[in-house]
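To start, the structure under review is shown below, and the notes come after it.
No value in this document is a laboratory result; all are computed from the given coordinates. Keep in mind that what you see is a predicted model, and the values were worked out from it rather than measured. Please note: Cβ atoms are built from the backbone with ideal geometry, for glycine as well, and neighbour counts cover all protein chains shown.
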Amino acid sequence: MRILLTGAEGFTGRHFSERASAEGHAVIALRSDLTDSDALRREVLETSPDAVVHLAAISFVGHADEKAFYAVNVVGTANLLDALARLPARPQRVLLASSANIYGNTTQSPISETQPPAPVNHYAMSKLAMEYMARTYEGRLDLVIARPFNYTGPGQSPSFLIPKLALHFAKRAPAIELGNLDVEREFNDVRMLCDAYLLLLAHGEPGESYNICTGHPYTLRYVLDTFMRMTGHTPRIEVNPAFVRANEVHRLCGNPAKLDALLERHGAKLEIPHLEDTLKRMLAAAAVSVLKT
């Protein structure tokens, strides 16, 4: 299958390209800027893909230009879908990567796809707007929406929590500044996420949204204890009040039942790497980066 991939140079895109290629698919990285509709239409026409995985987005919640969330995540996605809808032979499936952030700070957990959205920042709002905008293409494109919960892996920016911790332990830093240590979150493996995307390309039902999650959250203390055990290093943990969010939800995880039921109907199963294996791989990658500096 010829898969057109947006965001191919990003953290998730690199991992997806590797796993899709290993499955025998031809991955074609989109080069055009999503906001350049003319260039986008020309490239999409030249590519003529069998399927599309749309990962490109502004995803850093603290991005300085709030308008850019909507220019790229909503209007840019509309440009892409418009270009795809104009193709003489339209793709068999278009997967749009949304985010579990659209659910907001709900106290309901595990969260299913029926949970009413309640975004609390521009990133989440732009992803929800993208989902609603995409509905205008139903009947013209076979669209499936993925809502991933927290995931991580080697190569993720140290501005994210788990890569930050891996780097601190690899450096054997004497202290680490963190926020609330008792929150529970999913820390899924990017490999599982990419495999889920591939399975949704094969089996996802048009117009449906699917949580990409395990339903198994871990406390930050568990992650710290695991890194300490792996490295034999015990840094000083300092709670920085600036990192503690007011009214932070204690436990947040997704309900994977809808995706699990879909895969079961098709005789497929999603392999879930254990968190300890993910942390071990990230620690090894962080150690290599430390040696290079």
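With a threshold of 19 Å on the Cα-Cα distance, the over-threshold entries among K67/K127; K164/K292; K127/K269; K67/K164 are K127/K269; K67/K164.
Seen against the Cα atoms of the chain and their longest principal axis, helix 220-231 is set at about 70 degrees.
Between the helical axis of 122-134 and the longest alpha-carbon principal axis of the chain there is an angle of about 30 degrees. Estimated from helices alone, the mean residue ellipticity of the chain at 222 nm is -12000 deg cm²/dmol (sum of -39500 (n - 2.57) over DSSP H runs with n ≥ 4, per residue).
Go through L143, H233, A261 and say which Cα lies farthest out towards the positive end of the charge dipole of the chain; charges sit on Cβ, +1 for Lys and Arg, -1 for Asp and Glu. Of the options given, the answer is H233.
Think of each Lys and Arg Cβ as +1 and each Asp and Glu Cβ as -1; about the Cα centre, that makes the dipole of the chain roughly 480 debye. When all alpha-carbon pairs of the chain are counted, what percent fall beyond 28 Å? I get 39 percent for the Cα pairs in the chain exceeding 28 Å.
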